[in-house]
1. Which of SER73, SER38, SER109 ends up with the largest GNM mean-square fluctuation for the chain, with Cα atoms connected below 10 Å?
2. Can you tell me how much longer the chain between VAL5 and HIS90 gets when fully stretched, taken as 0.36 nm per residue apart minus their C-alpha distance, in nm with one decimal?
3. Can you list residues whose amide H is under 5 Å from ALA32's amide H, if they're 5+ apart or on another chain and H is modeled 1.01 Å from N?
4. Between LEU59, LEU187, LEU21, where does the largest GNM mean-square fluctuation fall for the chain, given springs only between Cα atoms within less than 10 Å?
5. What FRET efficiency, computed as 1/(1 + (r/R0)^6) with R0 = 22 Å and r the Cβ-Cβ distance, is obtained for ILE162 and GLU195, rounded to the nearest 0.05?
6. Using each residue's phi in the stretch 200-209, evaluate 6.51 cos²θ - 1.76 cosθ + 1.60 at θ = phi - 60° and report the 3J(HN,Hα) Karplus result to the nearest Hz, with x for Gly and Pro.
7. Determine ³J(HN,Hα), in whole Hz, for all residues of the stretch 10-19 in sequence, where each value follows from phi through the Karplus function 6.51 cos²θ - 1.76 cosθ + 1.60 and θ = phi - 60°; x replaces Gly and Pro.
8. How far apart, in nanometres, would the label points at ASN45 and ILE26 be if each is projected 7 angstrom from Cα along the Cα-to-Cβ direction?
Amino acid sequence: MKNEVVRIPVDGAHIEGALELPDQPIGLVLFAHGSGSSRHSPRNNYVARVLREHGIGTLLMDLLTPEEDRDYSRRFDIDLLVERLRAAAHWVKQNAATAALPVGYFGASTGAAAALRAAAHEESIAAVVSRGGRPDLAPPAELRKVKAPTLFLVGGQDFGVIELNEQAFADLVCEKQLIIVPGATHLFEEPGTLEEVAEKAADWFEKHFK
């Protein structure tokens with residue numbers, strides 16, 4: 001297992017990430033966190049651990065520098081998050097340890113919109129998964145450009161967000177699936193719900209990394 005903190009150059013600054021690669025990884029998933037979250041998010045770290053158990057490498061990173069994150073409005077600057085995510089995808093393609101791996105995006109909350117918009121402009125992205133996402137924050141024209149197979153995972157009790165996911169789902173023309181997890185609210189804090197999300201995500205990436 002390879003485990004290191006990496007510094008990815010962006011716009012004259014650096015964003016930090018935790019890169020973890022199992023032995024002989026089948027692919028690499030970049031995590032785009034939601035507003036107010038970070039690469040230390042226990043939920044995303046749990047999902048990342050399950051992905052690694054399936055032989056998938058993970059890169060959890062803070063798309064904003066500490067200074068930027070103190071400006072609350074930056075957390076909702078989807079354009080900036082998209083640029084940072086694309087910069088990270090470019091970086092992994094230049095990094096010797098990850099250059100040959102298929103790349104996927106896992107987005108949560110506002111990070112899901114960033115992941116989808118980035119995928120719309122990066123045809124090399126192999127798959128996208130959204131957890132409790134706000135894909136509606138990506139314009140329909142960009143959603144229609146997404147070619148990567150895309151999975152939406154939404155809590156069955158996440159009222160309002162379900163409808164927003166259904167609207168965005170209708171705009172996608174790629175291979176796609178929408179799974180509503182029974183009994184789950186927005187953060188998937190109910191027993192067994194985050195475990196289901198992690199396994200569904202792992203299955204999706206596994207299928208499309210091969």
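No lab work stands behind these numbers, since they all come straight from the coordinates. Fair warning: this is a prediction, and the values are worked out from it, not measured in the lab. We place every Cβ from the backbone using ideal geometry, glycine too, and count neighbours over all the protein chains shown.
1. Most flexible of the set in this elastic network: SER73.
2. Roughly 28.9 nm would be gained on extension.
3. Amide H neighbours of ALA32, under 5 Å, 5+ apart: PHE106, GLY107, ALA108.
4. LEU187
5. About 0.60, to the nearest 0.05.
6. 5, 5, 4, 4, 5, 5, 4, 4, 9, 8
7. Each residue's phi maps through the Karplus curve to give 8, 6, x, 10, 9, 10, 9, x, 10, 9 Hz.
8. It works out to 2.6 nm between the two label points.
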